[in-house]
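One structure below.
Rule-based calculations on the coordinates, nothing more; no lab input. Note that the structure is a prediction, hence the values are computed from the model and not measured. Backbone-built Cβ (ideal geometry, glycine too); neighbour counts: all protein chains shown.
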Amino acid sequence: MAKLLINNESKKSKIAPEIYGHFSEHLGRCIYEGLYVGDNSDIPNVNGMRSDVVKALKEMKIPVLRWPGGCFADEYHWMDGIGPKEKRKKMINTHWGGVVEDNSFGTHEFFELTKQLGCKTYVNANMGSGTVREMSEWVEYMTFNGVSPMADLRKENGHEEPWTVDYLGVGNENWGCGGNMRPTYYADEYRRYQTYVRNYNGSKPISKICCGPNVDDYNWTKNVLETCFDHTPPQFHGFMDGLSLHYYTLPETEDDWNVKGSATKFTEEVFYQTLKRSLFMDELIRKHGAIMDQYDPDKKIGLMVDEWGIWTDVEPGTNPGFLYQQNTMRDALVAGMNLNIFNKHSDRVRMACIAQMVNVLQSVILTENEKMIKTPTYHVFKMFRYHQGAKLLDSELINNSKVGSGKNELPKLFESVSEDENGVVTVTLTNNSLEAAEDVEIAFTSDSDSYKVAEASVVTGKMADHNTFENPDVVTEDKFTDYNEKENGVTVKIPACSVLMLRLKK
Ligand code: AHR
């Protein structure tokens, strides 16, 4: 039997709700069809946003949404996406399938969507092919509340009040699709661009996100921080509030993007390999975090993992440029492990956006015309929502065995624990084994006997189980009853291949 020992005598960092964030790009059917159908559609919508998807995302408690890219962001010219729709410019989406982008979803539509979702806004600006002026005018258009050319234009376009931009990304992947820059070049440009991200009207300052490394490019992190990290006291609002990190889990090969492997057909060996590769996120956060600690020991800036998830081959017969993939129990475990990792590093990780929200890569929602399904990843995000804003508690797994073999060996169980403002403890646990359930004794360093189970649910199934439009509930969040409240705590039997959530109350 394994034991989960929870230290409930000292609370650690607050788990930023933004760790449960999402990413939506003008890519495939994410924005168009997935989120936005236009107000003339037969699909039920409010101001063009599909009602079924908005409802599901609100139930999952989406905290923040990043838009418009991705690689698309560094080719996006925001002025093309404002004003009367029939007059908006059409462009080619060169990155994603070469399709026509009609710009019918632009700035006003993004803020309408985030208003309906009730979530924070993360706008990713164009540094790769845009100018400082273009970026600064966008900020003025979105956030200035006085008389100015851009504020007046916004009003002419029907929006009197400014919006709130919570986060602004200065470029995306500028080491690659965002301009192929070297770190020192990007860093100098970042200093210049961020200067003109003004905070108008004394409103809440926009948090600025600097483009961080690709995977394990520690040199990028070091060079960018060397040039951009500044020691200005926070009241003067420094150069950056966050540094991004992108890491995708490729199931079959380490770096051959042509052979990623199928989303639904894979061997047990590839299953364990995928989880092991996902676990690499922990090492990346520790190593990039250690570099950040050298410049920023007080942890003023956050590591923003604003793209992560599993990236497989597209579904057979679909446009390769649309990155549409199915989502199985394997994805549920990848989500559970990563979210547990982010919680445990919440002293440094202040945001994480899974890629991408609907119909692209590891999505929480898939749509097919008027139909919508929730994926196993959706159910994990929903179960984990109780961690948002709670305080991390130290936890340790004792007698935790291993699964997988050789280079794919990894711990069987993976956990994180938090306590909310009412003293309710949330435990989330993955069982990464395909074969064996595990009995786990859950104990606290203090008052173990007074905790009772207030709520418990599980997402479980066979490794390739997934939901389809014909069978939408193969994998769902189920009530979990296989536990015993004992004198010294609670014991649970966590099924093989599952993600478990328990709420424990005194
Ligand atoms: O999420 C798909 C793409 O992956 C994004 O556009 C880009 O930032 C990353 O390479």
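Computed about the Cα centre, the dipole magnitude for the range 227-326 is approximately 140 debye when only Lys and Arg (+1) and Asp and Glu (-1) carry charge, each at its Cβ.
Since only THR274, ALA355, TRP67 are under comparison, the one whose Cα sits farthest along the positive direction of the charge dipole of the chain, derived from C-beta charges on Lys, Arg, Asp and Glu, is TRP67. GLU254: net charge of surrounding residues, Cβ under 13 Å, Lys/Arg +1, Asp/Glu -1, itself excluded? Net charge around GLU254: 0.
Among residues other than TRP138 with Cβ under 12 Å from its Cβ, the summed charge is -1 (Lys and Arg +1, Asp and Glu -1). With each label modelled as a point 7 angstrom along the Cα→C-beta vector, the LYS486-ASN400 pair spans 2.0 nm. Treating r as the C-beta distance of THR468 and ARG133 and R0 as 45 Å, the FRET efficiency rounds to 0.40. If R0 is 25 Å, the Cβ-Cβ spacing of GLU455 and ALA290 corresponds to a FRET efficiency of close to 0.10. Against the chain, whose longest principal axis comes from its Cα atoms, helix 329-344 is set at around 80 degrees. Given +1 at the Cβ of Lys and Arg, -1 at the Cβ of Asp and Glu and no other charges, the dipole of the chain around its Cα centre is 720 debye to the nearest 20.
With the highest mean first, a sort of the peptides 260-266, 75-81 on other beta-carbon atoms found within 10 angstrom per residue produces 75-81, 260-266. Helical content of the chain, expressed as a calculated mean residue ellipticity at 222 nm, amounts to -7000 deg cm²/dmol (DSSP H runs of 4 or more residues, -39,500 (n - 2.57) each, divided by residue number, nearest 500). Given their separation in residues at 0.36 nm each and the Cα-Cα distance between them, LEU153 and GLU269 gain 36.1 nm when the chain is fully extended.
Beta bridges assigned by DSSP with both partners in the range 16-388 are antiparallel in approximately 25 percent of cases. With N as its number of residues, the chain has a Cα radius of gyration that, divided by 2.2 N^0.38 Å, comes to 0.96. For the chain, CYS30, CYS119, CYS210, CYS211, CYS228, CYS353, CYS497 have no disulfide-compatible partner, since no other Cys C-beta lies under 4.7 Å from theirs.
Projecting the Cα positions of SER51, ILE15, LEU27 onto the charge dipole of the range 1-58 (unit charges on Cβ atoms of Lys, Arg, Asp and Glu, taken about the Cα centre) puts ILE15 furthest along the positive direction. Summary value for the range 16-388: 20 percent relative contact order, contacts being C-alpha pairs under 8 angstrom separated by 6+ residues. In plain terms, the chain from THR94 to GLU315 could stretch by 77.5 nm, reckoned as 0.36 nm per residue minus the Cα-Cα distance.
Size of the range 4-157 from its Cα atoms: along the principal axes, largest to smallest, the extents are 61, 39, 32 Å.
Extending 7 Å from Cα along the Cβ direction at SER41 and again at ASP447 yields two label points whose distance is 4.9 nm. Summing +1 for each Lys or Arg and -1 for each Asp or Glu among the other residues whose beta-carbon sits under 12 angstrom from that of ARG198 gives -1.
The GLU283 and LYS371 beta-carbon pair, evaluated with R₀ = 45 Å, returns a calculated FRET efficiency of approximately 0.70. Helix 268-295 and the longest principal axis of the C-alpha atoms of the chain enclose an angle of approximately 60°.
Put a plus charge on the Cβ of each Lys and Arg, a minus charge on the Cβ of each Asp and Glu, and nothing anywhere else: the dipole of the range 167-266 about its Cα centre is then about 500 debye. For the range 275-292 and the range 351-385, what is the separation of their Cα centres, given in Å? Cα centres, the range 275-292 to the range 351-385: 24 Å. For the range 421-504, chymotrypsin sites (Phe, Trp or Tyr not before Pro) meeting the loop criterion (DSSP other than H, G, I, E, B) and having at most 12 other Cβ atoms within 10 Å: PHE469. The alpha-carbon of LYS452 sits under 23 angstrom from the alpha-carbons of these lysines, leaving out residues fewer than 8 places away in its chain: LYS3, LYS11, LYS12, LYS382, LYS391, LYS479, LYS486, LYS493, LYS505, LYS506.
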